[in-house]
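Just so it is clear, none of the values below were taken in a lab; they were calculated from the coordinates. Since the model is a prediction, treat every value here as computed from it, not as a measurement. Note that each Cβ is placed from the backbone with ideal geometry, even for glycine, and that neighbours are counted across all protein chains shown.
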Amino acid sequence: MQDQQLTCKDCGAPFTFTVGEQEFYQSRGFTNQPTRCPQCRAKKKTEMRGGGGNDRHHSGPRPSFEITCSECGKMDTVPFEPREGRPVLCRDCFQKQKQSDRPESFSNRE
């Protein structure tokens, strides 16, 4: 076995697939060579974990929808599209309801 020169499919830069890396791949049962250089591999891994902010699952700011609170009548926004016929709460009323729904043993901890 010897070092191999490969080309990154993302950035086009040449990178070395060392003998040590080849042995590691073999020991893990990987049959394909890497297609990305170490920098692009790290970038891709970050994006897959949700840290990239620009992959297909995290593309841009979250949408917000204006609502009138079913409890107090206050205007607010929520990060989901409300369904017709279902009550929607503002942040304050949601927090109050969340606190009142907690078991007594949790609400007394501070």
Exercise. Roughly speaking, what is the stretch gain from Thr31 to Arg62, that is 0.36 nm per residue apart minus the C-alpha to C-alpha distance, in nm to one decimal?
Worked result: 7.2 nm
Problem set entry | lysines with Cα under 29 Å of Lys43, excluding same-chain neighbours fewer than 8 positions away | Lys9
For this session: Please list the non-local residues whose amide H lies under 5 Å from the amide H of Arg36, H modeled 1.01 Å from N, same-chain partners needing a gap of 5 or more.
Result: Lys9
Exercise. What shape does segment 65-104 have by the C-alpha gyration tensor, where a ≥ b ≥ c are the square roots of the eigenvalues, rounded means a/c under 1.5, and otherwise prolate means a/b greater than b/c and oblate the rest?
Worked result: prolate
For this session: Starting from the Cα of Asp92, step 7 Å along the direction of its Cβ; do the same at Ser70; then give the gap between the two resulting points in nm.
Result: 1.9
